[in-house]
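What follows is one structure encoded as C-alpha coordinates, with my remarks underneath.
The values are calculated or read from the model by the stated rules, or taken from the named source; none is laboratory data. This one's a predicted model, so the numbers in the text were calculated from it and none came from an experiment. All Cβ positions, glycine included, derive from the backbone under ideal geometry; neighbour counts span all protein chains shown. We work out accessible area using only protein heavy atoms, side chains counted, and drop any ligands, DNA or RNA first. Shrake-Rupley method; radii C 1.70, N 1.55, O 1.52, S 1.80 Å.
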Amino acid sequence: MNLCVLGAGYVGLTSAVCMAEIGNNVTCVDTVQEKIDNLNKGVMPVFEAGIGEMCRRNMDAGRLAFSTSIEEGVRGSDVVFIAVGTPPAPNGDVDMSQVDAAVDTIVRAINADKIVVNKSTVPVGTQAAMQKRFDAESSYRVEVVSCPEFLQEGTAVKNMMHPDRVVIGSDSGHATEVVSELFKPFGGEQVIVDPQSSELIKYASNAFLATKISYINEIANLCERVGANVEHVAYGMGLDPRIGKQFLRAGIGFGGACFPKDTQGLVSIARQNGCDMKIVQGAIDINTAQQMRCYEKLRDVYPDLRGKTIAVLGLTFKPGTDDVRLAPSIRNVKALLQDGASVRAYDPVGVGNFKREVQGDITYCDSPEQACENADAALLLTEWPQVRSMDLAGAVGAMREKVLVDGRNVFALEDTVLKGVRYYSIGR
Ligand code: UDX
(Lines give C-alpha, C1' and ligand atoms only; values in the text may rest on other atoms or scores of the structure.)
Protein backbone atom coordinates (compact mmCIF):
# COMPACT_ATOMS: atom_id res chain seq x y z
CA MET A 1 0.00 0.00 0.00
CA ASN A 2 1.00 3.65 -0.29
CA LEU A 3 1.44 5.09 3.18
CA CYS A 4 2.33 8.46 4.64
CA VAL A 5 3.69 8.79 8.19
CA LEU A 6 3.50 12.22 9.81
CA GLY A 7 6.36 12.62 12.31
CA ALA A 8 9.91 11.23 12.23
CA GLY A 9 10.45 10.74 15.98
CA TYR A 10 10.81 7.32 17.64
CA VAL A 11 7.28 6.18 16.81
CA GLY A 12 6.98 7.78 13.35
CA LEU A 13 10.39 6.76 12.07
CA THR A 14 10.10 3.20 13.39
CA SER A 15 6.60 2.84 11.92
CA ALA A 16 7.76 4.20 8.55
CA VAL A 17 10.84 1.99 8.35
CA CYS A 18 9.06 -1.19 9.48
CA MET A 19 6.05 -0.59 7.21
CA ALA A 20 8.48 -0.23 4.28
CA GLU A 21 10.35 -3.34 5.39
CA ILE A 22 7.19 -5.45 4.93
CA GLY A 23 6.75 -4.11 1.38
CA ASN A 24 4.71 -0.91 1.58
CA ASN A 25 5.66 2.36 -0.16
CA VAL A 26 6.15 4.89 2.60
CA THR A 27 6.70 8.64 2.69
CA CYS A 28 7.74 9.86 6.13
CA VAL A 29 7.13 13.56 6.68
CA ASP A 30 8.51 15.88 9.35
CA THR A 31 8.36 19.66 9.50
CA VAL A 32 11.99 19.94 10.71
CA GLN A 33 14.04 20.45 7.52
CA GLU A 34 17.36 19.48 9.13
CA LYS A 35 15.96 16.15 10.30
CA ILE A 36 14.68 15.32 6.81
CA ASP A 37 17.96 16.42 5.17
CA ASN A 38 19.87 14.14 7.54
CA LEU A 39 17.51 11.22 6.97
CA ASN A 40 17.93 11.62 3.23
CA LYS A 41 21.69 11.33 3.84
CA GLY A 42 21.10 8.22 5.97
CA VAL A 43 21.75 10.01 9.29
CA MET A 44 19.22 8.91 11.93
CA PRO A 45 17.69 11.49 14.32
CA VAL A 46 17.50 8.93 17.13
CA PHE A 47 19.94 6.38 18.56
CA GLU A 48 18.07 3.15 17.99
CA ALA A 49 19.45 -0.34 17.43
CA GLY A 50 19.10 -1.56 13.82
CA ILE A 51 17.02 1.34 12.52
CA GLY A 52 19.74 2.98 10.37
CA GLU A 53 20.52 -0.17 8.44
CA MET A 54 16.85 -1.05 7.84
CA CYS A 55 16.14 2.54 6.82
CA ARG A 56 18.94 2.67 4.24
CA ARG A 57 17.98 -0.72 2.84
CA ASN A 58 14.40 0.39 2.22
CA MET A 59 15.45 3.76 0.81
CA ASP A 60 17.75 1.95 -1.64
CA ALA A 61 14.88 -0.35 -2.61
CA GLY A 62 12.76 2.73 -3.41
CA ARG A 63 10.10 1.92 -0.80
CA LEU A 64 10.94 4.67 1.70
CA ALA A 65 11.29 8.43 1.18
CA PHE A 66 11.53 11.43 3.49
CA SER A 67 9.99 14.83 2.89
CA THR A 68 8.92 18.04 4.58
CA SER A 69 5.85 18.35 2.38
CA ILE A 70 2.83 17.03 4.25
CA GLU A 71 0.65 17.84 1.25
CA GLU A 72 2.70 15.65 -1.07
CA GLY A 73 2.83 12.83 1.45
CA VAL A 74 -0.91 12.91 2.11
CA ARG A 75 -1.88 13.16 -1.57
CA GLY A 76 0.27 10.19 -2.55
CA SER A 77 -1.07 7.78 0.08
CA ASP A 78 -4.12 5.66 0.89
CA VAL A 79 -3.42 5.53 4.61
CA VAL A 80 -1.97 8.40 6.66
CA PHE A 81 -0.34 7.66 10.03
CA ILE A 82 -0.22 10.41 12.63
CA ALA A 83 2.85 9.89 14.82
CA VAL A 84 3.61 13.36 16.11
CA GLY A 85 4.53 14.35 19.68
CA THR A 86 1.97 14.82 22.44
CA PRO A 87 4.13 16.37 25.19
CA PRO A 88 2.70 17.33 28.57
CA ALA A 89 1.32 20.87 28.81
CA PRO A 90 2.54 22.89 31.84
CA ASN A 91 -0.69 22.05 33.75
CA GLY A 92 -0.23 18.27 33.22
CA ASP A 93 -2.82 18.03 30.42
CA VAL A 94 -1.78 16.56 27.07
CA ASP A 95 -0.55 19.18 24.58
CA MET A 96 -2.44 18.33 21.39
CA SER A 97 -1.15 21.18 19.23
CA GLN A 98 0.96 18.95 16.93
CA VAL A 99 -1.91 16.48 16.41
CA ASP A 100 -4.30 19.35 15.70
CA ALA A 101 -1.84 20.83 13.19
CA ALA A 102 -1.52 17.44 11.47
CA VAL A 103 -5.32 17.19 11.14
CA ASP A 104 -5.46 20.77 9.78
CA THR A 105 -2.96 19.89 7.07
CA ILE A 106 -4.64 16.62 6.14
CA VAL A 107 -7.93 18.48 5.75
CA ARG A 108 -6.23 21.03 3.48
CA ALA A 109 -4.26 18.50 1.42
CA ILE A 110 -6.73 15.67 1.02
CA ASN A 111 -7.53 14.66 -2.57
CA ALA A 112 -9.35 11.31 -2.17
CA ASP A 113 -10.99 9.05 0.44
CA LYS A 114 -8.42 7.98 3.03
CA ILE A 115 -7.86 6.18 6.30
CA VAL A 116 -6.10 8.11 9.06
CA VAL A 117 -4.37 5.92 11.65
CA ASN A 118 -3.51 7.66 14.89
CA LYS A 119 -0.35 6.32 16.57
CA SER A 120 0.29 9.32 18.83
CA THR A 121 -0.64 8.83 22.50
CA VAL A 122 -3.78 10.93 22.84
CA PRO A 123 -6.56 11.48 25.40
CA VAL A 124 -9.59 9.22 25.25
CA GLY A 125 -12.11 10.72 22.84
CA THR A 126 -9.52 12.01 20.37
CA GLN A 127 -10.48 9.57 17.60
CA ALA A 128 -14.11 10.66 17.93
CA ALA A 129 -13.17 14.35 17.87
CA MET A 130 -10.93 13.83 14.83
CA GLN A 131 -13.64 11.88 13.03
CA LYS A 132 -16.11 14.68 13.70
CA ARG A 133 -13.72 17.25 12.26
CA PHE A 134 -13.05 15.27 9.08
CA ASP A 135 -16.79 14.62 8.66
CA ALA A 136 -17.50 18.35 8.96
CA GLU A 137 -14.51 19.79 7.12
CA SER A 138 -13.54 17.34 4.37
CA SER A 139 -15.47 16.62 1.21
CA TYR A 140 -13.82 13.18 1.05
CA ARG A 141 -14.58 10.18 3.27
CA VAL A 142 -11.94 9.97 5.99
CA GLU A 143 -12.04 7.08 8.46
CA VAL A 144 -10.03 7.59 11.65
CA VAL A 145 -8.58 4.57 13.44
CA SER A 146 -6.83 4.49 16.81
CA CYS A 147 -3.77 2.22 16.77
CA PRO A 148 -1.55 2.95 19.78
CA GLU A 149 2.16 2.16 19.76
CA PHE A 150 3.84 0.13 22.52
CA LEU A 151 7.48 0.25 21.46
CA GLN A 152 10.32 0.67 23.95
CA GLU A 153 13.25 2.91 23.10
CA GLY A 154 16.34 0.87 22.30
CA THR A 155 14.29 -2.09 21.04
CA ALA A 156 11.81 -0.13 18.91
CA VAL A 157 12.43 -2.00 15.65
CA LYS A 158 12.20 -5.41 17.32
CA ASN A 159 9.00 -4.38 19.15
CA MET A 160 7.35 -3.19 15.93
CA MET A 161 8.46 -6.17 13.83
CA HIS A 162 7.34 -8.67 16.50
CA PRO A 163 4.55 -7.05 18.53
CA ASP A 164 2.89 -8.71 21.57
CA ARG A 165 -0.36 -7.24 20.37
CA VAL A 166 -1.74 -4.82 17.79
CA VAL A 167 -4.60 -2.71 19.13
CA ILE A 168 -7.06 -1.39 16.55
CA GLY A 169 -9.83 0.96 17.68
CA SER A 170 -12.40 1.84 15.06
CA ASP A 171 -16.12 2.20 14.43
CA SER A 172 -15.71 1.34 10.75
CA GLY A 173 -15.66 -2.26 9.52
CA HIS A 174 -13.91 -1.21 6.32
CA ALA A 175 -11.14 0.75 8.04
CA THR A 176 -10.64 -2.03 10.61
CA GLU A 177 -10.19 -4.54 7.81
CA VAL A 178 -7.64 -2.40 5.96
CA VAL A 179 -5.59 -1.65 9.08
CA SER A 180 -5.79 -5.26 10.25
CA GLU A 181 -4.42 -6.48 6.88
CA LEU A 182 -1.69 -3.83 6.99
CA PHE A 183 -0.43 -5.09 10.36
CA LYS A 184 -0.90 -8.83 9.76
CA PRO A 185 2.66 -9.45 8.45
CA PHE A 186 4.05 -8.37 11.85
CA GLY A 187 2.07 -11.04 13.71
CA GLY A 188 0.88 -10.64 17.30
CA GLU A 189 -2.71 -10.87 18.51
CA GLN A 190 -4.93 -8.18 17.04
CA VAL A 191 -7.19 -6.60 19.63
CA ILE A 192 -10.08 -5.01 17.75
CA VAL A 193 -12.11 -2.69 19.96
CA ASP A 194 -13.96 0.61 20.04
CA PRO A 195 -11.73 3.70 19.72
CA GLN A 196 -12.18 4.81 23.34
CA SER A 197 -11.00 1.44 24.68
CA SER A 198 -8.08 1.46 22.28
CA GLU A 199 -6.97 4.90 23.44
CA LEU A 200 -7.30 3.86 27.07
CA ILE A 201 -5.38 0.58 26.59
CA LYS A 202 -2.27 2.65 25.88
CA TYR A 203 -2.51 4.84 28.98
CA ALA A 204 -3.62 1.99 31.22
CA SER A 205 -0.69 -0.19 30.07
CA ASN A 206 1.98 2.45 30.58
CA ALA A 207 0.55 3.56 33.92
CA PHE A 208 0.38 -0.06 35.09
CA LEU A 209 4.05 -0.68 34.24
CA ALA A 210 5.04 2.59 35.90
CA THR A 211 3.02 1.60 38.97
CA LYS A 212 4.79 -1.76 39.09
CA ILE A 213 8.13 0.07 39.23
CA SER A 214 6.95 2.47 41.93
CA TYR A 215 5.53 -0.45 43.88
CA ILE A 216 8.85 -2.32 43.96
CA ASN A 217 10.66 0.91 44.79
CA GLU A 218 8.34 1.43 47.75
CA ILE A 219 9.04 -2.14 48.84
CA ALA A 220 12.79 -1.44 48.35
CA ASN A 221 12.62 1.47 50.75
CA LEU A 222 10.92 -0.79 53.30
CA CYS A 223 13.60 -3.45 52.70
CA GLU A 224 16.24 -0.95 53.77
CA ARG A 225 14.41 -0.41 57.06
CA VAL A 226 13.75 -4.06 57.90
CA GLY A 227 17.01 -5.56 56.62
CA ALA A 228 15.50 -7.40 53.63
CA ASN A 229 16.97 -7.55 50.12
CA VAL A 230 14.61 -6.24 47.43
CA GLU A 231 16.19 -8.46 44.78
CA HIS A 232 15.26 -11.55 46.77
CA VAL A 233 11.79 -10.16 47.40
CA ALA A 234 11.25 -9.30 43.70
CA TYR A 235 12.50 -12.72 42.62
CA GLY A 236 10.17 -14.47 45.03
CA MET A 237 7.24 -12.35 43.90
CA GLY A 238 7.99 -12.64 40.19
CA LEU A 239 7.82 -16.43 40.14
CA ASP A 240 4.05 -16.10 40.59
CA PRO A 241 2.92 -15.88 36.95
CA ARG A 242 0.07 -13.59 38.01
CA ILE A 243 2.71 -11.06 39.09
CA GLY A 244 5.46 -11.79 36.55
CA LYS A 245 9.18 -11.05 36.77
CA GLN A 246 9.38 -8.01 34.53
CA PHE A 247 9.44 -4.39 35.67
CA LEU A 248 10.28 -5.35 39.25
CA ARG A 249 13.80 -3.90 39.20
CA ALA A 250 14.13 -1.47 42.06
CA GLY A 251 16.24 1.60 41.40
CA ILE A 252 16.05 5.35 41.11
CA GLY A 253 12.73 5.31 39.36
CA PHE A 254 11.40 5.73 35.87
CA GLY A 255 12.15 8.53 33.42
CA GLY A 256 11.90 8.92 29.66
CA ALA A 257 9.39 10.34 27.25
CA CYS A 258 6.51 8.03 28.13
CA PHE A 259 5.96 6.89 31.72
CA PRO A 260 6.21 10.32 33.36
CA LYS A 261 4.06 11.91 30.65
CA ASP A 262 1.49 9.14 30.37
CA THR A 263 0.95 8.67 34.12
CA GLN A 264 0.40 12.43 34.43
CA GLY A 265 -1.77 12.39 31.30
CA LEU A 266 -3.98 9.60 32.68
CA VAL A 267 -4.49 11.42 35.98
CA SER A 268 -5.42 14.53 34.04
CA ILE A 269 -7.82 12.73 31.65
CA ALA A 270 -9.46 11.04 34.64
CA ARG A 271 -9.81 14.34 36.51
CA GLN A 272 -11.51 15.91 33.51
CA ASN A 273 -13.97 13.02 33.60
CA GLY A 274 -14.66 13.25 37.33
CA CYS A 275 -12.36 10.39 38.44
CA ASP A 276 -9.56 10.52 40.97
CA MET A 277 -6.73 8.12 39.99
CA LYS A 278 -5.29 7.50 43.46
CA ILE A 279 -3.02 4.56 42.57
CA VAL A 280 -1.47 6.25 39.54
CA GLN A 281 -1.04 9.50 41.46
CA GLY A 282 0.70 7.47 44.17
CA ALA A 283 3.03 5.94 41.57
CA ILE A 284 3.93 9.43 40.33
CA ASP A 285 4.58 10.74 43.85
CA ILE A 286 6.74 7.74 44.76
CA ASN A 287 8.74 8.19 41.57
CA THR A 288 9.30 11.89 42.18
CA ALA A 289 10.87 11.03 45.53
CA GLN A 290 12.68 7.91 44.31
CA GLN A 291 14.53 9.77 41.57
CA MET A 292 16.43 11.63 44.30
CA ARG A 293 17.36 8.59 46.41
CA CYS A 294 21.00 8.55 45.25
CA TYR A 295 21.45 12.22 45.98
CA GLU A 296 19.86 11.78 49.41
CA LYS A 297 22.09 8.83 50.26
CA LEU A 298 25.07 10.91 49.23
CA ARG A 299 23.90 13.79 51.40
CA ASP A 300 23.77 11.40 54.36
CA VAL A 301 27.49 10.78 53.79
CA TYR A 302 28.39 14.40 52.95
CA PRO A 303 25.94 16.88 54.51
CA ASP A 304 28.06 19.61 52.89
CA LEU A 305 28.92 18.97 49.23
CA ARG A 306 30.82 22.20 48.65
CA GLY A 307 34.18 21.47 47.04
CA LYS A 308 33.42 17.76 46.57
CA THR A 309 33.91 16.05 43.22
CA ILE A 310 31.19 13.56 42.32
CA ALA A 311 31.41 11.03 39.49
CA VAL A 312 28.09 10.41 37.74
CA LEU A 313 27.98 7.14 35.83
CA GLY A 314 25.21 7.15 33.22
CA LEU A 315 22.98 10.06 32.17
CA THR A 316 20.28 8.57 29.93
CA PHE A 317 16.96 7.43 31.45
CA LYS A 318 17.93 3.83 30.68
CA PRO A 319 20.65 2.02 28.69
CA GLY A 320 20.38 1.55 24.92
CA THR A 321 19.16 5.08 24.15
CA ASP A 322 20.61 8.60 23.94
CA ASP A 323 17.39 9.99 25.44
CA VAL A 324 17.71 12.00 28.66
CA ARG A 325 14.14 13.27 28.77
CA LEU A 326 13.03 13.34 32.42
CA ALA A 327 15.99 11.13 33.31
CA PRO A 328 16.79 11.01 37.05
CA SER A 329 20.30 12.25 36.15
CA ILE A 330 18.97 15.73 35.37
CA ARG A 331 17.54 16.34 38.85
CA ASN A 332 20.46 14.63 40.62
CA VAL A 333 23.18 16.56 38.75
CA LYS A 334 21.33 19.87 39.16
CA ALA A 335 21.09 19.24 42.90
CA LEU A 336 24.82 18.39 43.13
CA LEU A 337 25.79 21.56 41.24
CA GLN A 338 23.40 23.63 43.34
CA ASP A 339 25.15 22.34 46.47
CA GLY A 340 28.53 23.45 45.15
CA ALA A 341 29.90 20.07 44.00
CA SER A 342 31.87 19.48 40.78
CA VAL A 343 30.64 16.67 38.54
CA ARG A 344 32.62 14.22 36.41
CA ALA A 345 30.07 12.58 34.12
CA TYR A 346 30.21 9.55 31.86
CA ASP A 347 27.65 8.34 29.34
CA PRO A 348 28.42 6.47 26.09
CA VAL A 349 25.82 8.29 23.95
CA GLY A 350 23.73 10.71 26.05
CA VAL A 351 26.22 13.55 26.60
CA GLY A 352 25.05 15.71 23.67
CA ASN A 353 21.44 15.66 24.84
CA PHE A 354 22.41 16.10 28.50
CA LYS A 355 24.45 19.23 27.72
CA ARG A 356 21.30 20.85 26.37
CA GLU A 357 19.49 20.17 29.69
CA VAL A 358 22.12 20.96 32.32
CA GLN A 359 25.05 23.38 32.33
CA GLY A 360 27.63 24.03 35.04
CA ASP A 361 30.78 22.62 36.56
CA ILE A 362 30.67 19.31 34.69
CA THR A 363 33.65 17.48 33.15
CA TYR A 364 32.61 14.87 30.59
CA CYS A 365 34.75 11.74 30.63
CA ASP A 366 35.39 8.96 28.12
CA SER A 367 34.95 6.04 30.49
CA PRO A 368 33.41 5.28 33.88
CA GLU A 369 36.91 4.66 35.25
CA GLN A 370 38.04 8.11 34.09
CA ALA A 371 34.97 9.73 35.68
CA CYS A 372 35.93 8.17 39.03
CA GLU A 373 39.49 9.57 39.01
CA ASN A 374 40.01 11.74 42.10
CA ALA A 375 36.27 11.77 42.82
CA ASP A 376 35.03 11.87 46.42
CA ALA A 377 32.04 9.71 45.53
CA ALA A 378 30.37 8.10 42.52
CA LEU A 379 26.66 7.92 41.73
CA LEU A 380 25.64 5.14 39.35
CA LEU A 381 22.48 6.29 37.58
CA THR A 382 22.24 4.20 34.36
CA GLU A 383 23.15 0.52 34.11
CA TRP A 384 25.03 0.74 30.78
CA PRO A 385 27.02 -2.41 29.86
CA GLN A 386 30.15 -0.22 29.97
CA VAL A 387 29.31 0.62 33.59
CA ARG A 388 28.41 -2.97 34.52
CA SER A 389 31.72 -4.23 33.14
CA MET A 390 33.91 -1.36 34.38
CA ASP A 391 37.19 -2.05 36.16
CA LEU A 392 35.64 -1.51 39.59
CA ALA A 393 38.86 -2.16 41.51
CA GLY A 394 40.80 0.30 39.34
CA ALA A 395 38.04 2.89 39.50
CA VAL A 396 37.60 2.87 43.28
CA GLY A 397 41.38 2.69 43.67
CA ALA A 398 41.67 6.02 41.82
CA MET A 399 38.97 7.73 43.93
CA ARG A 400 39.87 10.22 46.67
CA GLU A 401 37.21 8.82 48.98
CA LYS A 402 35.66 5.44 48.35
CA VAL A 403 31.93 6.17 48.32
CA LEU A 404 29.75 4.47 45.70
CA VAL A 405 25.98 4.99 45.50
CA ASP A 406 24.56 2.43 43.09
CA GLY A 407 21.11 3.58 41.93
CA ARG A 408 20.59 0.51 39.73
CA ASN A 409 21.86 -2.33 41.95
CA VAL A 410 24.52 -3.19 39.37
CA PHE A 411 27.16 -4.62 41.69
CA ALA A 412 26.80 -7.80 43.72
CA LEU A 413 26.88 -7.23 47.46
CA GLU A 414 29.39 -10.09 47.76
CA ASP A 415 31.85 -8.45 45.31
CA THR A 416 35.14 -8.47 47.22
CA VAL A 417 36.16 -5.19 45.58
CA LEU A 418 33.40 -3.51 47.58
CA LYS A 419 35.21 -4.36 50.84
CA GLY A 420 36.64 -1.06 51.98
CA VAL A 421 34.16 0.88 49.84
CA ARG A 422 31.25 2.69 51.44
CA TYR A 423 28.72 1.13 49.08
CA TYR A 424 25.03 2.03 49.07
CA SER A 425 22.41 0.58 46.74
CA ILE A 426 18.61 0.50 46.56
CA GLY A 427 16.67 -1.81 48.87
CA ARG A 428 19.59 -4.05 49.76
C1 UDX B 1 7.89 2.57 27.84
C2 UDX B 1 7.05 1.30 27.68
O3 UDX B 1 7.79 0.16 28.14
C4 UDX B 1 6.61 1.12 26.24
O5 UDX B 1 5.76 -0.01 26.11
C6 UDX B 1 5.86 2.38 25.79
O7 UDX B 1 5.45 2.30 24.44
C8 UDX B 1 6.73 3.61 26.00
O9 UDX B 1 7.16 3.68 27.36
P10 UDX B 1 10.43 3.26 27.38
O11 UDX B 1 10.08 4.61 27.90
O12 UDX B 1 11.24 3.14 26.15
O13 UDX B 1 9.10 2.39 27.11
O14 UDX B 1 11.27 2.54 28.54
P15 UDX B 1 11.14 1.28 29.50
O16 UDX B 1 12.10 0.26 29.08
O17 UDX B 1 9.75 0.85 29.72
O18 UDX B 1 11.70 1.94 30.87
C19 UDX B 1 11.10 3.09 31.42
C20 UDX B 1 11.79 3.51 32.69
O21 UDX B 1 11.52 2.60 33.73
C22 UDX B 1 13.31 3.61 32.60
O23 UDX B 1 13.74 4.79 33.26
C24 UDX B 1 13.80 2.38 33.33
O25 UDX B 1 15.07 2.56 33.94
C26 UDX B 1 12.72 2.22 34.39
N27 UDX B 1 12.56 0.83 34.87
C28 UDX B 1 12.10 -0.14 34.05
C29 UDX B 1 12.84 0.53 36.21
O30 UDX B 1 13.25 1.40 37.00
N31 UDX B 1 12.63 -0.74 36.66
C32 UDX B 1 12.18 -1.74 35.86
O33 UDX B 1 12.02 -2.86 36.35
C34 UDX B 1 11.90 -1.43 34.51
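Working only within the stretch 210-246, note down all residues that are assigned to a helix (DSSP H, G or I), more than 10 Å from the ligand (Cβ to nearest atom) and basic (Lys, Arg).
If the condition is that a residue be assigned to a helix (DSSP H, G or I), more than 10 Å from the ligand (Cβ to nearest atom) and basic (Lys, Arg), then ARG225 is the only one that fits.
Criterion first (touching a strand residue (DSSP E or B) at 6+ places or on another chain (Cβ under 7 Å) and either open to solvent by 40 Å² or more (accessible area, probe 1.4 Å) or over 17 Å from GLN291 (Cβ atoms) (or both)) does GLN264 satisfy it?
Details: touching a strand residue (DSSP E or B) at 6+ places or on another chain (Cβ under 7 Å): yes; either open to solvent by 40 Å² or more (accessible area, probe 1.4 Å) or over 17 Å from GLN291 (Cβ atoms) (or both): yes.
Yes, satisfied.
Any idea which of (1) at pLDDT 95 or above; (2) under 23 Å from ALA49 (Cβ atoms); (3) not polar (S, T, N, Q) is the one VAL144 doesn't satisfy?
Every listed condition holds for VAL144 apart from (2).
Restricting to the stretch 310-323, give me the number of residues that are β-branched (Val, Ile, Thr) and farther than 15 Å from GLU48 by Cβ. Don't jump to the end; show me each part of the working.
So in the stretch 310-323, the residues β-branched (Val, Ile, Thr) come out as 310, 312, 316, 321.
So of that shortlist, the ones also farther than 15 Å from GLU48 by Cβ come out as 310, 312.
Going through the stretch 310-323 one residue at a time, the tally reaches 2.
Which condition number in (1) among the hydroxyl-bearing types (Ser, Thr, Tyr); (2) within 15 Å of the ligand (Cβ to nearest atom); (3) open to solvent by 20 Å² or more (accessible area, probe 1.4 Å) is the one that THR316 fails?
It fails just one condition, (3).
Find the residue count for the stretch 121-136, including only residues that are surrounded by fewer than 19 Cβ atoms within 10 Å (Cβ to Cβ) and not hydrophobic (A, V, I, L, M, F, W, C).
Going through the stretch 121-136, the residues surrounded by fewer than 19 Cβ atoms within 10 Å (Cβ to Cβ) turn out to be 125, 128-129, 132-133, 135-136.
With the extra rule that they be not hydrophobic (A, V, I, L, M, F, W, C), the set shrinks to 125, 132-133, 135.
Final tally of qualifying residues: 4.
Mind checking which pairs have a first residue in the stretch 58-80 that is part of a strand (DSSP E or B) and a second that is among the acidic types (Asp, Glu) and surrounded by fewer than 19 Cβ atoms within 10 Å (Cβ to Cβ), Cβ under 9 Å, 6 or more apart or different chains?
PHE66/ASP37
So that you can scan it fast, the table gives a plain yes or no per residue for (1) open to solvent by 20 Å² or more (accessible area, probe 1.4 Å); (2) hydrophobic (A, V, I, L, M, F, W, C); (3) within 15 Å of the ligand (Cβ to nearest atom); (4) free of Cβ contacts under 8 Å to residues at least 24 places away in the same chain:
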residue	(1), (2), (3), (4)
VAL144	no, yes, no, no
CYS147	no, yes, yes, no
LEU151	yes, yes, yes, no
LYS158	yes, no, yes, no
HIS162	yes, no, yes, no
GLY169	no, no, no, no
GLU177	yes, no, no, yes
LEU182	no, yes, no, no
PRO185	yes, no, no, no
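Run ARG249 past the list (1) more than 7 Å from the ligand (Cβ to nearest atom); (2) open to solvent by 50 Å² or more (accessible area, probe 1.4 Å) and report the number of the one that doesn't hold.
Answer for ARG249: the failing condition is (1).
ALA311 - would you say it is open to solvent by less than 20 Å² (accessible area, probe 1.4 Å) and either in contact with a strand residue (DSSP E or B) (Cβ under 6 Å, 6 or more places away or on another chain) or without any contact (Cβ under 8 Å) to a residue 12 or more places away in the chain (or both)?
On the way: open to solvent by less than 20 Å² (accessible area, probe 1.4 Å): yes; either in contact with a strand residue (DSSP E or B) (Cβ under 6 Å, 6 or more places away or on another chain) or without any contact (Cβ under 8 Å) to a residue 12 or more places away in the chain (or both): yes.
When the stated conditions are applied, ALA311 passes them.
Quick check on the stretch 25-43. Is at least one of its residues more than 22 Å from ALA101 (Cβ to Cβ), open to solvent by 20 Å² or more (accessible area, probe 1.4 Å), acidic (Asp, Glu) and not in a loop (DSSP other than H, G, I, E, B)?
So far as the stretch 25-43 goes, no, none of its residues is more than 22 Å from ALA101 (Cβ to Cβ), open to solvent by 20 Å² or more (accessible area, probe 1.4 Å), acidic (Asp, Glu) and not in a loop (DSSP other than H, G, I, E, B).
Considering every residue within the stretch 255-265, establish whether at least one is within 16 Å of the ligand (Cβ to nearest atom), closer than 30 Å to GLY397 by Cα and outside any helix (DSSP H, G or I).
Narrowing the stretch 255-265 to residues within 16 Å of the ligand (Cβ to nearest atom): 255-265.
When the remaining residues are screened for being closer than 30 Å to GLY397 by Cα, the result is none.
No: the stretch 255-265 contains no residue that is within 16 Å of the ligand (Cβ to nearest atom), closer than 30 Å to GLY397 by Cα and outside any helix (DSSP H, G or I).
Considering only residues that are closer than 30 Å to ILE201 by Cβ and among the β-branched types (Val, Ile, Thr), look in the stretch 270-308 and name the one that is most open to solvent (accessible area, probe 1.4 Å).
Taking the stretch 270-308 first, the residues closer than 30 Å to ILE201 by Cβ are 270-291.
Checking which are among the β-branched types (Val, Ile, Thr) leaves us with 279-280, 284, 286, 288.
On the way: ILE279: 125, VAL280: 14, ILE284: 21, ILE286: 39, THR288: 70 Å².
Applying the filter and picking the extreme gives ILE279.
Which numbered condition in (1) crowded, with 17+ Cβ neighbours inside 10 Å; (2) over 27 Å from VAL324 (Cβ atoms) is the only one that ARG225 fails?
(1)
Can you tell me which residues in the stretch 189-207 are farther than 27 Å from VAL324 by Cβ and either within 13 Å of the ligand (Cβ to nearest atom) or open to solvent by less than 20 Å² (accessible area, probe 1.4 Å) (or both)?
Those that are farther than 27 Å from VAL324 by Cβ and either within 13 Å of the ligand (Cβ to nearest atom) or open to solvent by less than 20 Å² (accessible area, probe 1.4 Å) (or both): PRO195, SER198, GLU199, ILE201.
Between a residue in the stretch 279-304 that is assigned to a helix (DSSP H, G or I) and any residue that is acidic (Asp, Glu) and modelled with pLDDT of 95 or more, which pairs come within a Cβ distance under 7 Å, given they are 6 or more apart or on different chains?
These pairs meet every condition: ILE286/GLU218.
Give the residues of the stretch 363-389 that are among the β-branched types (Val, Ile, Thr) and crowded, with 20+ Cβ neighbours inside 10 Å, sorted by residue number. Please lay out each step first, then the result.
Filtering the stretch 363-389 for residues among the β-branched types (Val, Ile, Thr) gives 363, 382, 387.
Selection gives THR382, VAL387.
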